[in-house]
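Note sheet for the following structure.
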């Protein structure tokens with residue numbers, strides 16, 4: 001079931017706790033560990049799940065995957081999104097999504113551009129939060145419909161920010177409902 005809640009000021013604290021745990025394993029290869037997604041935007045309604053991107057050099061991805069496995073993360077591959085490795089969280093840990101991305105990853109560029117834009121634009125953040133709540137009601141048990149419903153809003157922001165048409169087309173493709 002998809003649940004979108006009002007912003008929780010403890011989300012940055014939760015991110016820092018998760019970041020500290022992950023950082024211990026990748027501190028020497030991580031360029032950065034970024035709090036991304038809606039929980040990273042003060043005031044924005046979100047699903048109460050922290051999103052984190054561990055940024056590494058492309059040559060360090062395999063090493064990052066191995067080290068995160070040692071912490072109990074389960075590597076899930078790229079899940080159809082090139083240059084972004086996804087993980088299932090360790091059992092018993094706080095709800096979160098963890099990704100490893102090289103610094104030139106389009107998925108990372110999307111995450112950072114959207115986060116930074118929404119952090120700097122309260123009106124857009126409020127509008128996006130309202131949309132997410134509406135979509136969560138409409139697609140309560142349909143994550144693909146929920147994601148697809150957010151796509152036009154996200155693409156509009158990314159176009160304003162000047163992301164290339166190729167990157168935007170990839171994002172649109174990733175967010176389309178799977179063909180059955």
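Every number in this text was worked out from the coordinates using simple rules, so none of it is lab data. Everything quoted here is computed from the prediction, not taken from an experiment. With ideal geometry, Cβ positions are generated from the backbone for all residues, glycine too; neighbour counts draw on all protein chains shown.
Below 8 Å, C-alpha to C-alpha, sequence gap of six or more: please give me the relative contact order for segment 11-174 in percent.
Computed over segment 11-174, the figure is 19 percent.
Tell me the angle of helix 143-160 to the major Cα principal axis of the chain, expressed in degrees between 0 and 90 and rounded to the nearest ten.
The angle comes out at about 90 degrees.
In nanometres, what is the gap between the two model label sites at residue 126 and residue 71, each 7 Å from Cα along Cα-to-Cβ?
Taking the two extended label points, one gets 3.7 nm.
Quickly estimate the mean residue ellipticity at 222 nm for the chain, helices only: each DSSP H run with n ≥ 4 gives -39500 (n - 2.57), and the total goes over all residues, rounded to 500.
It comes out at -15500 deg cm²/dmol, rounded to the nearest 500.
Evaluate the Kirkwood expression for the hydrodynamic radius of segment 1-68, namely the inverse of the mean inverse distance over all pairs of different C-alpha atoms, and round to one decimal in Å.
Answer for segment 1-68: a Kirkwood hydrodynamic radius of 12.9 Å.
For Cα extents along the principal axes in Å, which listed value, [x] 52, 35, 29; [y] 39, 37, 36; [z] 59, 33, 33, comes from the coordinates shown?
Only one listed value fits the structure, namely [y].
Sort 90-100, 104-114, 136-146 by the packing proxy (mean of other Cβ within 10 Å over each peptide's residues), most packed first.
The most tightly packed comes first, giving 104-114, 90-100, 136-146.
Please give the per residue volume of the convex hull enclosing the alpha carbon atoms of segment 14-113, rounded to a whole number of Å³.
Normalising the Cα hull of segment 14-113 by residue number yields 96 Å³.
Measure nothing but the geometry: give the 0 to 90° angle between the long axis through the Cα atoms of 106-120 and the longest principal axis through the Cα atoms of the chain, rounded to 10°.
Between the helix axis and the principal axis of the chain, the angle is about 60 degrees.
Calculate how many DSSP beta bridges within the chain are antiparallel, expressed in % of all such bridges and rounded to the nearest 5.
Counting DSSP beta bridges with both partners in the chain, the antiparallel share is about 65 percent.
Taking a label point 7 Å from the Cα of residue 59 along the Cα→Cβ vector, which residues of segment 17-35 have an amide N closer than 15 Å to it?
Once the point is set 7 Å along Cα→Cβ of residue 59, 29-31 turn out to lie under 15 Å by backbone N, inside segment 17-35.
Which angle between 0 and 90 degrees, to the nearest 10, do you get for helix 165-174 versus the longest principal axis of the chain when only C-alpha atoms count?
Compared with the principal axis, the helix lies near 90 degrees.
Over all directions, how big on average is the projection of the convex hull of the alpha-carbon atoms in segment 102-141, in square nanometres?
With the hull built on Cα positions only, its mean projection is 3.7 nm².
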